[in-house]
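Each reported figure results from applying straightforward, stated rules to the coordinates on display, with no laboratory input. Computed from a prediction, not measured in an experiment: that's the story for all the values here. Ideal geometry is used to build each Cβ from the backbone, glycine not excepted, and the neighbour counts take in all protein chains shown.
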């Protein structure tokens, strides 16, 4: 029962961030405050560089994912982790909501498929690794250090490999079809 409540707790804060970002992004795009076409072009340039095998793009992905994991771990170790974990989850939900709105504004209904392709399958591995960190933090569960970090590292590496290889090919296909 406690594990289920932790999952609901995590999903609640992510959902709150998604809702806030969806409302905020729609308002910004509709008012003309932010040009969604420029944001989408920037995003597509990153996808093209990754699909082309640009090593700078691959290194950027590696550094960003390692930094995200380090931030999660540092926030979980802080004295204020009961406050920082919900803020972190709201921030993650904001990223998801902003991406969804950006892609649907640029490509309409087809943008939903592009959004799903842009977060699948690598986010399954990242989400699992970060979820393990967060649930360990919230529950106070003590794990064997070597096995725990081995699992988190393996999930992150699989996620990075999928993001660089599989995701880049999927996004090239969806960009070509759209």
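Suppose R0 equals 22 Å; then what is the FRET efficiency for residue 79 and residue 132 from their Cβ-Cβ distance, rounded to the nearest 0.05?
0.55
Compare the peptides 162-168, 53-59 by average per-residue count of other Cβ atoms within 10 angstrom and give them in order, highest first.
Final packing ranking: 162-168, 53-59.
Grab the DSSP H runs of the chain that are 4 residues or longer, score each as -39,500 (n - 2.57), total them, divide by all residues and round the 222 nm result to the nearest 500 deg cm²/dmol.
-29000 deg cm²/dmol
Can you tell me the relative contact order of the chain? Whole percent, Cα pairs under 8 Å, sequence separation 6 or more.
After rounding, I find 33 percent.
Taking every pair of alpha-carbon atoms in the chain, what share in percent sits in each 10 Å bin, from 0 to the bin with the longest distance?
Result returned by the calculation: 9, 32, 36, 19, 4, 0.
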